[in-house]
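Everything on this sheet refers to the single structure shown next.
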Amino acid sequence: MTSAAKVYLVGAGPGDPDLITLKAVKALQQAEVVLVDDLVNPALLAHCPQARIVPVGKRGGCKSTPQHFINRMLVALAEQGQQVVRLKGGDPFVFGRGGEEMLALRAANIPYEIIPGMTSGLGACASMEVPVTHRGYNHGVTLITGHTQDGEPLPWQALVETNTTLVIYMGMQHLPEISRGLINAGMSADMPCMVVENGTREDQRAVTSSLQAIPYLAHTQGLKSPAIIVVGQVVTLAKNSQQEQDWQANLHTWLNVASAA
């Protein structure tokens, strides 16, 4: 391994190519190989025309490159003397498996550097003018995945008792379960809720409603992953949050179907 060999674990930001950091751009400009996730905006690859691009897909509900294979590839490329960028959507340490890659590099004595990025949950909220913390509404924010690795239920009661804004990643396939779980644990069925698809991108879409109705509205509007789910009173501050009211006409039908499921 040459002295120049190094791996950079880089956060690409939430989707808007202008939201990547200057430090991340510098790493891309110096890279010889870039391992890139599916959710990274392709426009960012304009910063590294000199590099070999290796797609290593990571997208919920789709066929993905196994994480252990990515770990081995990072180590092998560095051992060959390459300067490597692992380009990940959002922030590498927020549901990006950057910690697993860091440990693999550390175990192999590979030099590495972490370059943080704006995580998609916070970027999506900001794009909708929703402050995840606001002293008039809450005292914090909780970032959580919408499903667990072992399939166990999420800690609904604990999440309700935090009295924080909940920002939920990778939860679209489990949105009805999330809604029921929080309500059954004591959260108000009328708690404001928002789903943002493709946050910060030009094709961003978002809907807001109550926690009880959000699965129906997201379904009828055809929202899909990648998307962020936000639960909390701060959602009332979202731009255009009062314009998504046409769901009410069919709300009772949805609730009857959901309760019978």
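The values are calculated or read from the model by the stated rules, or taken from the named source; none is laboratory data. Please read all numbers here as calculations on a predicted model, not as lab measurements. Glycine also receives a Cβ, built like all others from the backbone with ideal geometry; neighbour counts cover every protein chain displayed.
See the values below:
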read-out	value
Any chance residue 109 is at positive phi, at pLDDT 95 or above and either of a type in the set (Val, Ile, Thr) or out of contact with any strand residue (DSSP E or B) (no Cβ under 9 Å at 6 or more places or on another chain) (or both)	yes
Single condition residue 117 does not satisfy, out of (1) surrounded by 15 or more Cβ atoms within 10 Å (Cβ to Cβ); (2) under 18 Å from the mean Cα position of the chain (by Cα); (3) in a helix (DSSP H, G or I)	(3)
Some residue of the stretch 90-100 being modelled with pLDDT under 95 and either surrounded by 21 or more Cβ atoms within 10 Å (Cβ to Cβ) or under 15 Å from residue 20 (Cβ atoms) (or both)	yes
Residue, surrounded by the fewest Cβ atoms within 10 Å (Cβ to Cβ), within the stretch 126-153, restricted to residues that are assigned to a strand (DSSP E or B) and out of contact with any Gly (no Cβ under 7 Å at 6 or more places or on another chain)	145
Out of 9, 22, sole residue that is of a type outside the set (Gly, Ala, Ser) and in contact with a strand residue (DSSP E or B) (Cβ under 9 Å, 6 or more places away or on another chain)	9
Selection status of residue 161, more than 27 Å from residue 135 (Cα to Cα) and either surrounded by fewer than 17 Cβ atoms within 10 Å (Cβ to Cβ) or in contact with a helix residue (DSSP H, G or I) (Cβ under 7 Å, 6 or more places away or on another chain) (or both)	no
Output for the stretch 130-150, where each listed residue is without any contact (Cβ under 8 Å) to a residue 24 or more places away in the chain and more than 19 Å from the chain's Cα centre (by Cα)	135, 136, 150
The stretch 46-66 - residue that is more than 19 Å from residue 27 (Cα to Cα) and either out of contact with any helix residue (DSSP H, G or I) (no Cβ under 8 Å at 6 or more places or on another chain) or modelled with pLDDT of 95 or more (or both) and, of those, surrounded by the fewest Cβ atoms within 10 Å (Cβ to Cβ)	63
